[in-house]
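Before any comments, here is the structure.
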Amino acid sequence: MTAVAEAPGRVRSFLRLVAIEHSVFALPFAYLSALTVMAREGGRIRWADLVLVTIAMVGARTFAMAANRIIDRHIDARNPRTAGRELVTGAVSVRTAWTGAIVALVVFLAAAAALNPLCLVLAPLAAVPLVIYPYGKRFTDWPHAILALAQAVGPVGAWLAVTGTFDGSGPAWLLGAAVGLWIGGFDLIYACQDAEIDRRIGVRSVPARYGLRFALHASTLSHVVVFALFIWFGVLVGLGWLWWVGLALAALAFGYQHVVVTPTDLSRVNRAFFTANGFVGIVLFVFALLDLLVRSHLGA
């Protein structure tokens, strides 16, 4: 009975370790990419593809987060903000974390194989930046750019999952660039809270190297570009007025996070990071989906 009771506890601790709920950031844009190309290819929703895209995205992200926590566990132990993480406290063992990471990687590769041959061939390449990212803070002041690259893969991969070809995939690359810059931009904000301790322990980042003000200005600039890319994507794929309503609401969330976080007040970083950005992902997906459904571009 003890072993049975411990297993769910280890699973819950592992899910906390990889922050499984943060899938809300990138997953909606993978759905948006997949549904957009389905609308172009006759309008029938291919539910099996959506399920496999979900499995692949969650598997890849779980692998990335577990690897990140394993690689950074000694750095996390030296930072008061992260010293309570599961690998530092022992709530999750390194062995369990590695097991979870390998299982997640296998799930990701299996889902890619089930989608089509192109996805299977490209899946290992997609995993590379996921592993490089945690090492980035050891050799570059711009590890956020590596994170942006890793996140840009999602919408592109979802498009290829449906089509099995690069032909006509331009909108997916545009959406991928927007998502990558969006997540890289709010990672700049998130990293501000560790700038001082990062300098002390030798961790590299834009805030640690160039200061909080520069990092926040860089984040603002990246999000201005993101907004322009979202506009371009909507025009390119012919989304209607509901997309523009969603984009207007997203613009408010973008503006909010850049108002509430300042170089002299980082107390609301988590609110900007989790609440505002979670809202952006969900609202853009929901309004794009409504637009596709209302204009009868999608159906069962």
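The values are calculated or read from the model by the stated rules, or taken from the named source; none is laboratory data. This structure is a prediction, so every number in the text was calculated from the model and none was measured. Neighbour counts are summed over all protein chains in view; Cβ atoms, including those assigned to glycine, are modelled from backbone coordinates with ideal geometry.
Annotations for the structure displayed:
- Residue, farthest from the chain's Cα centre (by Cα), within the range 154-175, restricted to residues that are of a type in the set (Val, Ile, Thr) and part of a helix (DSSP H, G or I): Thr163
- Restricting Val259, Val226, Val280 to residues that are of a type in the set (Val, Ile, Thr), touching a helix residue (DSSP H, G or I) at 6+ places or on another chain (Cβ under 6 Å), in a helix (DSSP H, G or I) and at pLDDT below 95 narrows the list to Val280.
- Boolean, Ala101 is surrounded by 22 or more Cβ atoms within 10 Å (Cβ to Cβ), within 28 Å of Ser13 (Cα to Cα) and among the hydrophobic types (A, V, I, L, M, F, W, C): yes
- For Arg16: the one exception among (1) at pLDDT 95 or above; (2) touching an Asp or Glu at 6+ places or on another chain (Cβ under 9 Å): (1)
One line per residue, one yes/no per condition, for (1) in a helix (DSSP H, G or I); (2) crowded, with 24+ Cβ neighbours inside 10 Å; (3) at pLDDT 95 or above; (4) touching a Gly at 6+ places or on another chain (Cβ under 8 Å):
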position: Ser23; (1), (2), (3), (4): yes, no, no, no
position: Ala34; (1), (2), (3), (4): yes, yes, yes, no
position: Ala48; (1), (2), (3), (4): yes, no, yes, no
position: Leu52; (1), (2), (3), (4): yes, no, yes, no
position: Val58; (1), (2), (3), (4): yes, no, no, no
position: Arg61; (1), (2), (3), (4): yes, yes, no, no
position: Ala64; (1), (2), (3), (4): yes, yes, no, no
position: Ile75; (1), (2), (3), (4): yes, no, yes, no
position: Thr82; (1), (2), (3), (4): no, no, no, no
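Table: residues versus (1) surrounded by 16 or more Cβ atoms within 10 Å (Cβ to Cβ); (2) among the hydroxyl-bearing types (Ser, Thr, Tyr); (3) under 20 Å from the mean Cα position of the chain (by Cα).
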site: Leu221; (1), (2), (3): no, no, yes
site: Gly238; (1), (2), (3): no, no, no
site: Val261; (1), (2), (3): yes, no, no
site: Gly278; (1), (2), (3): yes, no, yes
site: Phe287; (1), (2), (3): yes, no, yes
site: Val294; (1), (2), (3): no, no, no
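- Restricting the range 201-219 to residues that are among the small types (Gly, Ala, Ser) and part of a helix (DSSP H, G or I), the residue that is surrounded by the fewest Cβ atoms within 10 Å (Cβ to Cβ): Ala218
- For the range 63-71, the count of residues that are touching a Leu at 6+ places or on another chain (Cβ under 6 Å), farther than 16 Å from Ala30 by Cβ and charged (D, E, K, R) is nonzero.
The rows are residues; the columns are (1) buried (at least 21 other Cβ atoms within 10 Å of the Cβ); (2) of a type outside the set (D, E, K, R); (3) farther than 17 Å from Asn270 by Cβ.
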residue: Trp159; (1), (2), (3): yes, yes, yes
residue: Val162; (1), (2), (3): yes, yes, yes
residue: Phe166; (1), (2), (3): no, yes, yes
residue: Arg199; (1), (2), (3): no, no, yes
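- Positions within the range 122-161 being closer than 14 Å to Phe63 by Cβ and among the aromatic types (Phe, Trp, Tyr), in sequence order: Tyr133
- Residues that are more than 15 Å from the chain's Cα centre (by Cα), at pLDDT 95 or above and among the β-branched types (Val, Ile, Thr) are absent from the range 143-153 altogether.
- Boolean, Thr140 is surrounded by fewer than 24 Cβ atoms within 10 Å (Cβ to Cβ) and closer than 30 Å to Leu212 by Cβ: yes
- Of the criteria (1) aliphatic (A, V, I, L, M); (2) more than 19 Å from the chain's Cα centre (by Cα); (3) under 23 Å from Ile45 (Cβ atoms), which one Ala248 fails: (3)
- In the set (1) without any contact (Cβ under 8 Å) to a residue 12 or more places away in the chain; (2) surrounded by 17 or more Cβ atoms within 10 Å (Cβ to Cβ), the condition left unmet by Leu125 is number (2).
- Pick from the range 229-256, criterion without any contact (Cβ under 8 Å) to a residue 12 or more places away in the chain and assigned to a helix (DSSP H, G or I), ranking: nearest to Phe287 (Cα to Cα): Trp244
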